[in-house]
Amino acid sequence: MELSGVGVGRGVAVGPILRMPDPLPEPVDSPRDDDAASEVATVEAALATVATELNERGSKAGGAARDVLEAAALMAQDPTLVDDVKARIEGGKTGERAVFEAFAAFQDILIGMGGLMAERATDLGDVSQRIIAQLRGVAAPGVPVSDEPFILVAPDLAPADTALLDLDRVLGLITRDGGPTSHTAILARSKSIPAIVGVIGALDLTDGTIVIADAAAGTILVDPSDDELAAARQRIADRAAAASAPLTDGVLADGTKIPLLANLGSPKDAAAAVALGAEGVGLFRTEFLFLDSKTAPTVEDQRAQYTELLGHFAGKKVVVRALDAGADKPLAFLNDAHEENPALGLRGLRALRASEQILRDQLTALALSDAESDADLWVMAPMVSDSEETEYFVSLGRELGLKTVGVMAEVPSLAVLADQVLEVADFVSIGTNDLTQYTLAADRMLGSVAHFQDPWHPAVLRLVKLIGDAGRASGKSVGICGEAAADPQLAVVLVGLGATTLSMTPAALADVRAELALHTLDEARQLAARALNARTAAEARTAGTVIS
Ligand code: PEP
Ligand code: MG
């Protein structure tokens, strides 16, 4: 049997699948059968089991994960919390309900304290879910724990789940929901985890089934033959060997330089990007630093992070994006109103403009870090629609001391008006993920429309060309920082359409570097012209890949 979906990256994974357990429903507040003393004893045993499990996982994981897990184990045995649980049981609640209520009350207190304490509230929620699962005798929610490597199957993953994936255990990722540019997919690609998203039938796979997940083909082969397994394992070995090719700067066959930059979400990932040959940073997603923050970060908090980032790139370009909050990356301190269609709502620059002090603080922190570093800092705004918004952001950036200020091209209106925008902005960087989502009106989170999320679509390519032409006419830089830049063949076409730099997850640099070296700028332009005239994404991919 074969299932299909949309592949993320070009990797292959072979192994048994393990399903992510379903989230637990809230325990009902029903009368208790047992006497209080035996209910308390059951809960105490569950607390002890969960604390032991967390400690054991911590010592196996080591490093930062150990600290997190040990802190969680302590929460499960916190005397104030345990007393509160007991009091609630004695007051008539069931053990599950008492745990749920006591932990929720404590979470509220932490959230009220703000800052670092508020960030611990999520961990407390996780511990409470584990205890309730233990009491019910079901698997704990969240990424499953296994001693054997496995391919994780889930409806979708929250960014926090993906960030915590244990790379020694999780060989691949299969999700029912999500498109190729959902943030789950982006994080998977950045960790070089082969992923296939938008797979109908994914959740029908049973634990332990052996599959070959082929991200390049977007297929999942269930119960493969020995020959198929051997061929897949050979591909995995070949890719590992190709990844160790020499690190050179990005250059076309005719010597045209196309700097290859990294997309990063934390200063912690900078050293690995440099090791993979990143010539700088083309997109630093600052919102990833603050996904769990309940309150806006201070100038000093931010300055420390940005200074750490810039420290890795002396003499190199680093493009930092202002907070892109909203849609699938809500930040509690910026997006507090419910919206029916958040991707079309107060997202990116729109949200920042509505809370201007947060934007001012961020730009101030960036200017301070720039002043104390030797990197070449560029700053850009997400989700910008036209030259009026561009003017607003560029003048605020300059007022606060930034020297190179630009915008992202993610909304089709900005592409159409690129000539006007480039009269004001120092540069444009094209976010092909959102540009594709908004051009084709296809939610990037939605598996059912994942096939629309294809940046090869000629409508997207024509918009990229408008921006490329405006860039060439104004002599300003046009970068690509969406996932499209990580597709080697598409990267060549994007250069042919006028992109002057390409930024991607560092894991993709080797493949793109190798492909660029095979084509001259002239060839790239011919391939681009052919792709532009195609009628569908599939036709454009064929037309833009082969020179006849
Ligand atoms: C994009 O939209 O292409 C982009 C790079 O931004 P993000 O994926 O973070 O929305
Ligand atoms: Mg975007």
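The range 400-439 holds helices (runs of 4 or more DSSP H) entirely within its bounds, and those carrying 2 or more residues that are within 9 Å of ligand 1 (Cβ to nearest atom) map to 432-439.
In the range 427-462, the qualifying residues are those that are touching a helix residue (DSSP H, G or I) at 6+ places or on another chain (Cβ under 7 Å) and free of Cβ contacts under 8 Å to residues at least 24 places away in the same chain, and the one that is nearest to ligand 2 (Cβ to nearest atom) is Leu440.
Looking across the range 463-494, the residues that are farther than 17 Å from Leu527 by Cβ, more than 14 Å from ligand 2 (Cβ to nearest atom) and either in a loop (DSSP other than H, G, I, E, B) or polar (S, T, N, Q) (or both) come down to Ser474, Gly475, Lys476, Ser477. Asp292 meets the stated requirement of being within 22 Å of the chain's Cα centre (by Cα), more than 15 Å from ligand 2 (Cβ to nearest atom) and touching a residue at least 24 places away in the same chain (Cβ under 8 Å). Scanning the range 429-451 for residues that are under 15 Å from the mean Cα position of the chain (by Cα) and acidic (Asp, Glu) gives a single hit, Asp434. When Glu56, Glu39 are checked against the criterion of being of a type in the set (D, E, K, R), outside any loop (DSSP other than H, G, I, E, B) and more than 30 Å from the chain's Cα centre (by Cα), Glu39 stands alone in meeting it. The set of residues in the range 489-518 being hydrophobic (A, V, I, L, M, F, W, C), closer than 21 Å to Glu539 by Cα and touching a Lys or Arg at 6+ places or on another chain (Cβ under 7 Å) consists of Leu497 alone. Determine whether Ala409 is closer than 29 Å to Gly311 by Cα and among the aliphatic types (A, V, I, L, M). Taking the combined requirement at face value, the residue satisfies it. Across the range 338-373, the qualifying residues are those that are within 16 Å of ligand 2 (Cβ to nearest atom) and of a type in the set (D, E, K, R), and the one among them that is surrounded by the fewest Cβ atoms within 10 Å (Cβ to Cβ) is Arg350. Restricting Pro149, Pro194, Pro144, Pro180 to those that are closer than 30 Å to Glu101 by Cα, touching a residue at least 12 places away in the same chain (Cβ under 8 Å) and under 25 Å from the mean Cα position of the chain (by Cα) reduces the list to Pro144. Among the conditions (1) under 30 Å from Ala195 (Cβ atoms); (2) assigned to a helix (DSSP H, G or I); (3) out of contact with any Leu (no Cβ under 7 Å at 6 or more places or on another chain); (4) not polar (S, T, N, Q), the only one that Met445 does not satisfy is (2). Among the residues of the range 178-236, how many are away from ligand 1 (no atom under 16 Å from the Cβ), β-branched (Val, Ile, Thr) and crowded, with 24+ Cβ neighbours inside 10 Å? Here the count works out to 6. Please verify whether the range 261-284 includes one or more residues that are among the small types (Gly, Ala, Ser), within 16 Å of ligand 2 (Cβ to nearest atom) and touching a helix residue (DSSP H, G or I) at 6+ places or on another chain (Cβ under 7 Å). There is at least one residue in the range 261-284 that is among the small types (Gly, Ala, Ser), within 16 Å of ligand 2 (Cβ to nearest atom) and touching a helix residue (DSSP H, G or I) at 6+ places or on another chain (Cβ under 7 Å). Figure legend. Inter-residue proximity from the range 345-367: first residues farther than 19 Å from Met408 by Cβ, second residues surrounded by 17 or more Cβ atoms within 10 Å (Cβ to Cβ) and among the basic types (Lys, Arg), beta-carbon distance below 6 Å, spacing 6+ or different chains. Indicated pairs: Ala365/Arg303.
Since every read-out is calculated from the coordinates, none of them should be taken as a lab result. None of these values were measured; they are calculated from a predicted model. Cβ coordinates were reconstructed from backbone atoms using ideal geometry, including for glycine residues, and neighbour counts include every protein chain displayed.
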